[in-house]
Amino acid sequence: KIIFKVVSIVIEEKQIPRGCFDIRQFHQEIWVPVWDSCVQILKKFSEESILISDMCLYFNNSLSSEDITRELILLKSGCSVYSRTNKFSTPCFKSCVDKIHHYFQFQLCSEAAECICELKEALLIKKKYERIHNLRNISVAFENKQLSQVDAKISGVATKLSKLSNLDVILAFIDKISFVNWIRENLKDLNEVKTFVDISLTTCGGNPVDIDRITCLSSVCTNFAPLIFRLKHNTSYDELIARCREVIENVEKNKGLTKLLRQVGDSISFWEDLKRSHGSVEETTLMQLHNIMSYGVFHLEVRESLTLSEIVSLRIERGE
């Protein structure tokens with residue numbers, strides 16, 4: 001494949017017309033330039049000095065490491081004169097092939113990297129993810145770099161990105177970031193979401209459409225909670241990827257969640273009006289009830305006195 005590509009490039013560069021050649025003309029105009037080019041290419045691969053843009057002329061991300069190794073061995077065999085005058089053994093291919101494989105792995109993950117960077121910016125995460133930024137536009141980042149400059153450390157970043165199986169879920173979340181931010185500003189955790197939903201269900205007047213919408217809010221917040229409530233401004237790259245995977249797994253168990261997110265996310269004014277209609281007394285009372293039911297410990301003590309306050313005591317083990 002490499003040799004055929006070199007022949008094609010030589011013919012194109014020299015603008016050799018199609019037709020019959022005598023042996024001398026073929027040798028001078030095609031064979032010698034192709035031979036010289038192949039020797040130089042083999043040397044650049046062996047030294048890992050070949051430019052990424054040039055490497056991409058010969059290989060693409062559809063090839064396995066075994067395919068790439070086979071092509072380089074064929075090139076080495078074709079340049080047998082070069083191999084006799086230079087120490088270039090087959091094991092030297094490993095580092096070269098690994099870096100080619102890493103580069104194409106990065107390239108495949110560039111879309112996921114772009115998505116994660118958008119999510120990071122949307123959630124106002126301040127921590128820098130330098131390696132993932134290099135993956136956002138991998139072709140530009142490595143355009144004028146040599147193969148030796150491919151950083152294997154980025155491979156770990158790319159490997160984690162490759163495990164994000166459904167980017168549409170994250171893109172849908174980013175698309176409704178205004179709604180997400182409203183939730184984060186007004187409801188600090190799932191307990192407050194539950195309180196909000198319970199009060200809303202009792203004050204919405206029995207309207208079936210509103211009841212359905214409010215119920216959907218509870219489902220959306222519960223399943224997207226890892227991204228809504230469990231991230232901070234200094235969240236690390238690993239943690240962000242882990243939270244994304246949790247959300248994707250939740251959505252894969254319930255395919256309709258992304259649609260629900262879009263539906264509830266289009267109704268910010270509805271949620272704002274609903275929130276304003278809630279009285280502080282109702283919210284406080286229901287929140288206290290939730291804390292009692294979740295964290296309350298009742299102590300019963302048998303006494304002669306029949307006063308309830310002396311028989312029963314309540315302690316909140318973990319107040320919110």
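General remarks:
- Just so you know, in region 208-223 the residues that are more than 17 Å from Ile268 (Cα to Cα) and touching a residue at least 24 places away in the same chain (Cβ under 8 Å) include one that is most open to solvent (accessible area, probe 1.4 Å), and it is Thr222.
- Matching residues, region 90-126, being buried (at least 18 other Cβ atoms within 10 Å of the Cβ) and not in a helix (DSSP H, G or I): Cys109, Leu123, Ile125
- Flag if Trp35 is out of contact with any Gly (no Cβ under 8 Å at 6 or more places or on another chain), in a helix (DSSP H, G or I), open to solvent by 50 Å² or more (accessible area, probe 1.4 Å) and at pLDDT below 80: no
- Residues that are over 30 Å from Ala112 (Cβ atoms) and either under 17 Å from the mean Cα position of the chain (by Cα) or in a loop (DSSP other than H, G, I, E, B) (or both) were ranked within region 200-231; the one that is modelled with the highest pLDDT is Asn207.
- Residue within region 219-233 that is closer than 20 Å to Ile132 by Cα and among the polar types (S, T, N, Q) present: no
- Considering residues of region 244-277 that are surrounded by fewer than 16 Cβ atoms within 10 Å (Cβ to Cβ) and over 30 Å from the mean Cα position of the chain (by Cα) only, the residue modelled with the lowest pLDDT: Ser277
- Subset of region 232-243 that is of a type outside the set (Val, Ile, Thr) and assigned to a helix (DSSP H, G or I) - its residue that is most open to solvent (accessible area, probe 1.4 Å): Asp238
Yes/no per residue for (1) open to solvent by less than 40 Å² (accessible area, probe 1.4 Å); (2) modelled with pLDDT of 80 or more; (3) within 25 Å of Lys145 (Cα to Cα):
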| site | (1), (2), (3) |
| --- | --- |
| Lys1 | no, no, yes |
| Pro17 | no, no, no |
| Cys20 | no, no, no |
| Cys56 | no, yes, yes |
| Tyr82 | yes, no, no |
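- When residues of region 150-199 are limited to those that are assigned to a helix (DSSP H, G or I) and basic (Lys, Arg), the one surrounded by the most Cβ atoms within 10 Å (Cβ to Cβ): Lys160
- Scope region 127-148; condition over 17 Å from the mean Cα position of the chain (by Cα), loosely packed, with under 15 Cβ neighbours inside 10 Å and either modelled with pLDDT of 75 or more or under 29 Å from Phe179 (Cα atoms) (or both); matching residues: Asn144, Lys145, Ser148
The values are calculated or read from the model by the stated rules, or taken from the named source; none is laboratory data. The shown structure was predicted, so the numbers you read here are calculated from the model rather than taken from an experiment. Note that each Cβ is placed from the backbone with ideal geometry, even for glycine, and that neighbours are counted across all protein chains shown. Quick note on the areas: whole protein, heavy atoms, side chains included, nothing else; ligands and nucleic acids left out. Shrake-Rupley method; radii C 1.70, N 1.55, O 1.52, S 1.80 Å.
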